[in-house]
Amino acid sequence: TSFELIKVFLHGLRFDISAIVYFHIVFIVLHLLPVRQRVLPGYQALLKTLFHLMNSIMIFANCTDMEYFKFIMKRTTADVLSLITVGDDVIKTFPLLLMDFWYLAFAWILLTFFGIFLYRKTIFNAHKTIDRTSGFIKDTGQPGKKNPKMELLIQSVLFLVFIILFAIDRKSVV
């Protein structure tokens, strides 16, 4: 029935979202830490590099899974990782696989650069609105002046809420 199809779709969506969150957990935590150093250029460069690296790995895994599915008729799971770590077959066959499935490597590179392009289009322009000395949003002259102590409290609460939700979700998965 259509209700069962919607239910399966929602469960698949939950799985995908949890996989993205688990894979990006370090990035998320580093973004939510209520510290002043978050606005420093070096810290932002670290976050940007981590974000692109993690997304590139996920895109690579999905691109290879598209073709691998045809051979084993199931999605890649942890059992495939155990096959990769045993022996040196993967290292020996990788050049041949790259020649046979060149379009997957091309798709991986294209999608990775598209992700970098989108990141640049949506990046928060921190140097205009955040005070680099205090780490808090500057007063823009608009109504509703910012209170640095209140912002730190809000950042801390959001961080704790995220950690609690992560712990609750982790218990429901296990």
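Somewhere in the range 119-142, is a residue at pLDDT 80 or above, of a type outside the set (S, T, N, Q) and loosely packed, with under 10 Cβ neighbours inside 10 Å?
Yes, the conditions are met somewhere in the range 119-142.
Is it the case that the range 80-88 has a residue that's at pLDDT below 75, in contact with a Lys or Arg (Cβ under 8 Å, 6 or more places away or on another chain), outside any strand (DSSP E or B) and of a type outside the set (A, V, I, L, M)?
Start the filter on the range 80-88 by keeping residues that are at pLDDT below 75, which leaves 80-88.
Filter once more, so that each one left must be in contact with a Lys or Arg (Cβ under 8 Å, 6 or more places away or on another chain): none.
No, that holds for no residue.
Report whether or not Gln44 is open to solvent by 40 Å² or more (accessible area, probe 1.4 Å), under 30 Å from Leu153 (Cβ atoms) and modelled with pLDDT under 80.
Criteria not met by Gln44.
Starting from the range 25-40, keep only residues that are touching a residue at least 12 places away in the same chain (Cβ under 8 Å), then list their pairs with residues that are outside any loop (DSSP other than H, G, I, E, B) and exposed (fewer than 14 other Cβ atoms within 10 Å of the Cβ) whose Cβ atoms are within a distance under 7 Å, requiring at least 6 positions of separation or different chains.
So the pair list comes out as Leu32/Leu158; Pro34/Ser156.
Does the range 143-155 contain at least one residue that is touching an Asp or Glu at 6+ places or on another chain (Cβ under 9 Å) and either surrounded by fewer than 12 Cβ atoms within 10 Å (Cβ to Cβ) or at pLDDT 60 or above (or both)?
yes
Being at pLDDT 80 or above and of a type in the set (Gly, Ala, Ser) is the filter here; which residues of the range 2-18 pass it?
Listed by number, the list holds a single entry, Ser2.
The values are calculated or read from the model by the stated rules, or taken from the named source; none is laboratory data. Keep in mind that what you see is a predicted model, and the values were worked out from it rather than measured. So basically every Cβ, Gly included, is an ideal-geometry build from the backbone, and we count neighbours across all protein chains shown. With ligands, DNA and RNA removed, areas are computed over all heavy atoms of the protein, side chains included. Shrake-Rupley method; radii C 1.70, N 1.55, O 1.52, S 1.80 Å.
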